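The structure under discussion appears below in the form of structure tokens.
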């Protein structure tokens with residue numbers, strides 16, 4: 001598996017965002033079926049884009065982002081729960097940052113402060129955020145292992161073409 005990770009990293013460094021190059025590496029080193037190649041390369045490309053986005057945001061001084069989904073019927077419930085919420089790069093949600101979970105198509109929209117406007121000093125306690133929907137995994141206090149298990153149980157949803 002280390003050979004696969006190294007190969008993907010090298011292919012991405014040589015030809016960024018070239019899914020054919022990534023597919024070739026996965027085919028050679030990962031020994032996976034052809035039907036799975038597209039899913040794996042798309043997932044790894046999304047993860048690379050997520051990492052690049054985070055690095056660019058932080059380099060520009062953006063410590064926060066707004067979680068955005070593609071808002072279609074394939075968006076998973078725990079991702080839909082995060083739609084429109086402001087998150088911090090130094091405090092990942094339970095499922096990770098956008099693009100990190102398997103087959104995640106969500107993106108991080110930068111929060112850009114207005115020029116000359118600074119945050120007011122914290123003199124009062126901030127209001128409590130609205131409660132998460134009762135059916136969300138995060139509201140039920142799911143841990144990373146529990147989220148992984150939930151994803152594994154719903155893997156058939158991830159394998160659908162679309």
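Things to note:
- The residues of the range 57-75 that are in contact with a helix residue (DSSP H, G or I) (Cβ under 9 Å, 6 or more places away or on another chain), farther than 20 Å from residue 38 by Cα and part of a loop (DSSP other than H, G, I, E, B), listed by number, are 62, 63, 69, 71.
- Scanning the range 86-110 for residues that are free of Cβ contacts under 8 Å to residues at least 40 places away in the same chain and either within 10 Å of residue 47 (Cβ to Cβ) or in a loop (DSSP other than H, G, I, E, B) (or both) yields 89, 90, 92, 96, 106.
- Complete set of residues in the range 73-91 that are under 13 Å from the mean Cα position of the chain (by Cα) and within 14 Å of residue 101 (Cα to Cα): 75, 76, 78, 79, 80, 82
- Test result for residue 86, surrounded by fewer than 14 Cβ atoms within 10 Å (Cβ to Cβ) and either under 21 Å from residue 54 (Cβ atoms) or modelled with pLDDT of 90 or more (or both): yes
- Of all residues in the range 51-70, those satisfying the criterion of being buried (at least 16 other Cβ atoms within 10 Å of the Cβ) and over 13 Å from residue 92 (Cβ atoms) are 53, 57, 62, 66, 68, 69.
The values are calculated or read from the model by the stated rules, or taken from the named source; none is laboratory data. Note that this is a predicted model, so its numbers are computed, not measured. Note that each Cβ is placed from the backbone with ideal geometry, even for glycine, and that neighbours are counted across all protein chains shown.
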